[in-house]
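The values are calculated or read from the model by the stated rules, or taken from the named source; none is laboratory data. This is a predicted model, so every value here is computed, not measured. Here the Cβ positions follow ideal geometry from the backbone for every residue, glycine too, while neighbour counts run over all protein chains shown. Surface areas here come from the heavy atoms of the whole protein model, side chains and all, with no ligands, DNA or RNA. Shrake-Rupley method; radii C 1.70, N 1.55, O 1.52, S 1.80 Å.
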Amino acid sequence: MEAKNSVRREFIFPPYLLLLFPAVVFMLLMYAYPFIASFTRSLIDAEGNFSFANYAKTWELYLKDILFTFAVTVFSTAATGVMAVLLAVYLRFSQSFISKILSGLYKVPIFIPFVVVAQMMNSFLAPHGLLNIALAKFGLINIDQPLQLFNFTGLSFGFIWKMIPFSVLIIHGGFQMIDDSYIEAARTAGARLFKVITKILIPMSKSSIMVALVLVYSQIVGTFTLPYMLIGGKSPTTITVDIAHRVNYFRDFGVANTLGVFSYFLVLFTAIYYLRSSVRKMAEDKLVQE
Amino acid sequence: MFSKKMLIVSLEIILLVVVFLLIIWPMMSLFIWSIAETWYWPNTLPQKIGFEYWKQALGLQKSLAIGAVSIVPAFFLSLMIAMIVVVISMLIAIPAGYALAKYRIPFGGFILFLFLMPNAFPQQPVFVNLLHIFTKLGLAGTVQGVILVHILVGLVFGVWITNATFKSIPPHMEEAARSVGAGKLRAFFRITLPLAAPGLLASAVFVFITSLDEFTGTFFVGLPFVNTLPMTLYSSSGYNMQFASVIAIILLIPSILFMALIQGVLKAEYVGGMG
Amino acid sequence: MQKRNRFTILLLVSILVTGLVLVGGKKDEAAAQEAKVRLVYMTAGDVNMLALGQNVVGPEFSKKYPNISLMTIHTGPGNAGSQIIFEKLLAESESKKDVWDVDVAMVHQIFMKWAMEKDLLMPYAKDIDTWKYVASPFAKSSLGVNVEGYVMPMFHSQTALAYNPEFVKDPPQSYEDLVKWVDKNPGKFGYNGIKGGMSGVSFTVGWIYWKSGKYEKYAVTGPFEESEVASWKSAFEDLAKFNKKVTFTGGNVGTLDALNRGEIWMGPVWVDMFFTFMNEGKLNPKTKMVLPEPGMPGQPMYFVIPKKAAHPEEAKKFVEFMTSPAIQAKDIVERFNWYPGIDGSYLKGSIPQDTYAKIYGDVTPEDLSKKGRAFPLADYFNAILESYEKWVK
């Protein structure tokens, strides 16, 4: 990682240290200790010895839930990403009156806290909730056999509903930074819309898209209120609900923290891809600058 | 040409209707519950509507079976905490985001990941540990303690979004200013900052909303003396739909106002803006 | 551009200053209130606890003792709420503070095991006047842990099966009948398993009591034996079969909501939540309850005083107030439809006839004494929860 061949003004020691100092120190103080405590706690069994007993128990009881959490998170993030990009493309290109309305409308879910979204979805997606009642009124389903949505489907719907606006805001912001001249140039050279999207828009705003995806992914993994209200104690459920169960009924911090470690690794593996590619990109940028 | 335009417009209208339904329809249950006094199956709509719960929520009427907690003070407390949190968070996040974007820092990836961790590790176990530490430091149950927790979770959005924003700014802009003799600081404030403004303000909005909506950490650290709006929501949620819906609607207001405020400041000067 | 920047900075700074001023202001306000004693009362349980403390009991208590003001904090429903209180007291104990923030707390049974282990509580019950009104074994033992002198029961709560009489013409009178009913009416019985709410846990515990027949050993005498746990395997396998024909709900409220929306016709509920939902217009007034043989568990909630509470004498006065026959009759039973924490015979004559008829209508005092069970000893309780997770999946 060190630059051997001297890259111009690469390691100016003071500036970045000063700039980073407050934020990093704050995080280390506030978060590092509780986090490390959680991590070590997961490795201590009921008798107080260092062991992997908690991991064994977690694997035995909660593997299904861990996989379920992973599946919901990946699916919701991917779906969010695709739809957010499409919506952002639309907003980037359309100057119509309708797009102006849409650009205000889509932001609404951002302001609704997750705990409220949980309430809403609980009432909306219920077998005799608003969605099913309306579908029945239009004759699309039989009210005695309503759509069962307190599961993967409903949960994903809730997550996607909340996360698309967030993603669009970030991705659209990235699209905005791409000057019209690039798009014009591509258009004049004969590129069709699809090519413009895949060859210009997405590559040039890669960092915005990746940031949106990483933040969405990590938010979904850590959410408690939505899965708790929609799925609660049913199986399979998410890691966060199981953690609450372990803590509240058993005060079993060993397993609770172990579940947390699993969740942490779920995020780590996806984030690693982003971080590696961003470091690589930076290196590319520097080379280009030269 | 005429029909192509018509096709596009009709598609746009369909899109608008679909998005409208998808967003507003689930919210309808919130609005309906907030004014439902009696609602049980098999009625599609409440048997009886009224503003009872609104009155009780706002303290205009005393409540019996429903805990009409001090919502109005909680509202202002949440608001004030959020504003302080935004200012402090952005003050430390902007330089950090900039440094991570512009300089090649050893372990830069690791440091960036450090700022993602509060989202990555489920909150409950970690915040329990934080409670113990804060109690020893005398910060438990204080507003200062809660503010610290909010900054912690706010920095995730603060650092990551500012980082992405600064990354997207072509470096040659700042270089150009520097090459005509502008000092580093001046170049930053005159060129980079305005260009980055949309992203930075988006970041601020998210920090604000995160603070306003923050619950788990606030709950652990704030008890028994600090009562924020999400805590009052938790108190009633799951038990009393009407009350929960009222509080939920109340929670929407400051976020929307803040966004409007930001958008107002951010008007025509900046190309595109955030929406 | 310059003007915009300056304006923004000015705006943000002014907000910051206002904020700091307000924070500072708050501190002064708190100082002014010091003249009175502020009693910090932390209560777990559902939101009606908060209403009780803030709007009903608080003012009445202050009328009797004008120099004490009650500050009610609500920590949330279910064991999670008690867990928070425990966490808070534990943190205070570990920090070696001389005086703790919380003066009096209202907790679930499970809290007692944790709190007694860590020596967080003050023995106070025998010091107060109303101790003589307490007769039930619940006041002396909580899930097998000896708590005599450390608790005063505030109220007693019972679970039962709520049902919709329009669709359930001949309600099952026992667990055995229930299994047959569910066979004929698949999907119309709902409960939340063992996660997300104690009503489901209660149903499961009742199931084990039924299948094993060993209520006395599991809930009263003990001892805890691993062999007993192993013997539950077939009982849980039967439960797994039973579960195939039920609807799962998210928790206590989930079950009531599902009943409300007509998605299920029967499910386990807490009796007091049942009445509250009905009073709030969220449950059809025709809904009824039945307590199936051989019984379902109920639990008291306890008043406790932390070991180093800041105002122990005032705290004791508060508990005494709350457990006095007058308040028990008026607020606990009549207003909130709980069963009293003190012995019911002391309330005779204080409760109006129609309240009595409503509360004891479906589940009579005879039912309660015969079929109102206690939750099992802590070790058996944990074993039941874990066995469910292992064998019913």
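Residues checked against (1) polar (S, T, N, Q); (2) closer than 30 Å to A:Met163 by Cα; (3) over 25 Å from the mean Cα position of the chain (by Cα):
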position: A:Ala32; (1), (2), (3): no, yes, no
position: A:Phe35; (1), (2), (3): no, yes, no
position: A:Thr40; (1), (2), (3): yes, no, yes
position: A:Ile44; (1), (2), (3): no, no, yes
position: A:Ser51; (1), (2), (3): yes, no, yes
position: A:Ala56; (1), (2), (3): no, no, yes
position: A:Asp65; (1), (2), (3): no, yes, no
position: A:Phe68; (1), (2), (3): no, yes, no
Next on the checklist: For B:Pro106, only one of the following conditions fails: (1) at pLDDT 85 or above; (2) at the interface with another protein chain (Cβ under 7 Å from one of its Cβ atoms); (3) surrounded by fewer than 24 Cβ atoms within 10 Å (Cβ to Cβ). What is its number?
Outcome noted: (1)
Next on the checklist: If a residue counts only when it is closer than 30 Å to A:Val261 by Cβ and either more than 25 Å from the chain's Cα centre (by Cα) or more than 9 Å from every other protein chain (Cβ to nearest Cβ) (or both), which helices (runs of 4 or more DSSP H) contained entirely in the range A:170-241 have at least 2 such residues?
Outcome noted: A:206-222, A:225-230
Checklist entry - Of the residues A:Ile178, A:Ile170, which is open to solvent by less than 10 Å² (accessible area, probe 1.4 Å) and in contact with a helix residue (DSSP H, G or I) (Cβ under 6 Å, 6 or more places away or on another chain)? => result A:Ile178
Checklist entry - What are the residues in the range C:334-364 that are open to solvent by less than 50 Å² (accessible area, probe 1.4 Å) and either of a type in the set (Ser, Thr, Tyr) or in a helix (DSSP H, G or I) (or both), if any? => result C:Tyr339, C:Gly344, C:Leu347, C:Thr355, C:Ile359, C:Tyr360, C:Thr364
Item to check | Single unsatisfied condition, A:Ser167 versus (1) more than 30 Å from B:Leu114 (Cα to Cα); (2) more than 8 Å from every other protein chain (Cβ to nearest Cβ); (3) polar (S, T, N, Q) | outcome: (1)
Checklist outcome for this item: Selection over the range B:122-138 where residues are open to solvent by 10 Å² or more (accessible area, probe 1.4 Å) and outside any helix (DSSP H, G or I) yields a count of 1
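So that you can scan it fast, the table gives a plain yes or no per residue for (1) open to solvent by less than 60 Å² (accessible area, probe 1.4 Å); (2) in contact with a Pro (Cβ under 7 Å, 6 or more places away or on another chain); (3) assigned by TED's automatic domain parsing to the domain that holds C:Ala378:
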residue: C:Val145; (1), (2), (3): yes, no, no
residue: C:Tyr150; (1), (2), (3): yes, yes, no
residue: C:Tyr163; (1), (2), (3): yes, yes, yes
residue: C:Val168; (1), (2), (3): yes, no, yes
residue: C:Glu176; (1), (2), (3): no, no, yes
residue: C:Gly187; (1), (2), (3): yes, no, yes
residue: C:Gly190; (1), (2), (3): yes, no, yes
residue: C:Tyr209; (1), (2), (3): yes, yes, yes
Checklist entry - Would you pick out the residues in the range A:137-163 that are open to solvent by 30 Å² or more (accessible area, probe 1.4 Å), among the hydrophobic types (A, V, I, L, M, F, W, C) and away from chain C (no Cβ under 11 Å)? => result A:Phe138, A:Leu140, A:Ile141, A:Leu147, A:Phe152, A:Phe157
Checklist entry - Restricting the range C:360-375 to residues that are in contact with a helix residue (DSSP H, G or I) (Cβ under 7 Å, 6 or more places away or on another chain) and aliphatic (A, V, I, L, M), which is farthest from the other protein chains (Cβ to nearest Cβ)? => result C:Val363
Checklist entry - Within the range C:62-92, restricting attention to residues that are in contact (Cβ under 8 Å) with a residue 60 or more places away in the chain and more than 9 Å from chain B (Cβ to nearest Cβ), which residue is nearest to the chain's Cα centre (by Cα)? => result C:Gly78
Checklist entry - Looking at the range C:321-343, which of its residues are away from chain B (no Cβ under 14 Å), under 16 Å from C:Gly53 (Cβ atoms) and either in contact with a Lys or Arg (Cβ under 9 Å, 6 or more places away or on another chain) or not polar (S, T, N, Q) (or both)? => result C:Phe321, C:Met322, C:Ile327, C:Gly341
Next on the checklist: Considering only residues that are of a type in the set (A, V, I, L, M, F, W, C), touching a residue at least 60 places away in the same chain (Cβ under 8 Å) and within 22 Å of C:Thr323 (Cα to Cα), which ones fall in the range C:334-393?
Outcome noted: C:Phe336, C:Trp338, C:Ile342, C:Ile359, C:Leu368, C:Ala374
Checklist entry - Here are some conditions: (1) open to solvent by 10 Å² or more (accessible area, probe 1.4 Å); (2) over 22 Å from C:Ser82 (Cα atoms); (3) of a type outside the set (D, E, K, R); (4) in contact with a strand residue (DSSP E or B) (Cβ under 9 Å, 6 or more places away or on another chain). C:Gln299 meets all but one. Which one does it not meet? => result (2)
Checklist entry - Could you list, in sequence order, the residues of the range C:375-387 that are out of contact with any Leu (no Cβ under 7 Å at 6 or more places or on another chain) and open to solvent by 20 Å² or more (accessible area, probe 1.4 Å)? => result C:Asp379, C:Asn382, C:Glu386
Checklist entry - Can you tell me which of B:Pro42, B:Pro73, B:Pro46 is at the interface with chain C (Cβ under 9 Å from one of its Cβ atoms), open to solvent by 60 Å² or more (accessible area, probe 1.4 Å) and at pLDDT below 85? => result B:Pro42
Item to check | Where A:His128 falls short, out of the listed (1) within 30 Å of B:Ser255 (Cβ to Cβ); (2) in contact with a Lys or Arg (Cβ under 6 Å, 6 or more places away or on another chain); (3) modelled with pLDDT under 80; (4) not basic (Lys, Arg) | outcome: (1)
Checklist entry - Quick one: what pairs do we get from the range C:224-237, first residue surrounded by 16 or more Cβ atoms within 10 Å (Cβ to Cβ), second in a loop (DSSP other than H, G, I, E, B), C-beta under 7 Å, 6+ apart or different chains? => result C:Phe224/C:Leu377; C:Phe236/C:Val392
Next on the checklist: Just the residues that are outside any helix (DSSP H, G or I) and open to solvent by 10 Å² or more (accessible area, probe 1.4 Å), please, taken from the range C:196-207.
Outcome noted: C:Gly196
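Quick test for you: out of A:Asn257, A:Asn248, pick the one residue that is over 18 Å from the mean Cα position of the chain (by Cα), open to solvent by less than 40 Å² (accessible area, probe 1.4 Å), at pLDDT below 85 and on the phi < 0 side of the Ramachandran plot.
Answer to the check: A:Asn248.
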Item to check | Among residues of the range C:170-194, those that are in a loop (DSSP other than H, G, I, E, B) and either touching a helix residue (DSSP H, G or I) at 6+ places or on another chain (Cβ under 7 Å) or β-branched (Val, Ile, Thr) (or both), counted | outcome: 4
Checklist entry - Can you list the helices (runs of 4 or more DSSP H) found entirely within the range B:147-240 that contain at least 2 residues being touching a residue at least 60 places away in the same chain (Cβ under 8 Å), among the aliphatic types (A, V, I, L, M) and buried (at least 20 other Cβ atoms within 10 Å of the Cβ)? => result B:193-213, B:229-236
Checklist entry - In this structure, is B:Ile169 within 7 Å of another protein chain (Cβ to nearest Cβ) and touching a helix residue (DSSP H, G or I) at 6+ places or on another chain (Cβ under 7 Å)? => result no
Next on the checklist: Being under 19 Å from C:Val201 (Cβ atoms) and touching an Asp or Glu at 6+ places or on another chain (Cβ under 8 Å) is the filter here; which residues of the range C:342-379 pass it?
Outcome noted: C:Lys371
